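Comments concern the structure below.
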Amino acid sequence: MGVALGASCAAGSMIAALPFPMWAATTTGLIVGGWALQFLGHYFEGRKPAFLDDLGAVLDGPLFLVAEAAFAIGLSPELRAEVERRAGPTRWGKVAADLAVSAA
């Protein structure tokens, strides 16, 4: 994961250093390509994207990722416990539980 982060940071730095027209074209192409891959994934999954029914759902994905990252590094254990109580274990909660079982 660290290698992927380093590579994406290096690529981002190279793109940011490009002249404006090339920078704008590159970032636009990456954004459009990313959205196309998302829609392709939804096509194969057989489900339409949630934001087509509710525009607020566009914010759910980034919020989910931030919450999962916070839980993974141990922030807000009370919130994590409440989320897991209502919705079941988070990904990191399941990983931690699996590690605890295998260590015992």
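The values are calculated or read from the model by the stated rules, or taken from the named source; none is laboratory data. Remember, predicted model here, so these are calculated numbers, not experimental data. All Cβ positions, glycine included, derive from the backbone under ideal geometry; neighbour counts span all protein chains shown.
Annotation: Leu18 fulfils all but one of (1) in a helix (DSSP H, G or I); (2) at pLDDT 85 or above; (3) surrounded by 10 or more Cβ atoms within 10 Å (Cβ to Cβ); the unmet one is (1). Residues in segment 29-87 that are in a helix (DSSP H, G or I), exposed (fewer than 12 other Cβ atoms within 10 Å of the Cβ) and of a type in the set (Lys, Arg): Arg85, Arg86.
Given the criteria over 30 Å from Gly12 (Cα atoms), modelled with pLDDT of 80 or more and of a type in the set (A, V, I, L, M), does Ala87 qualify? Step through it out loud before you land on a result.
Numbers: over 30 Å from Gly12 (Cα atoms): yes; modelled with pLDDT of 80 or more: yes; of a type in the set (A, V, I, L, M): yes.
Taking the combined requirement at face value, the residue satisfies it.
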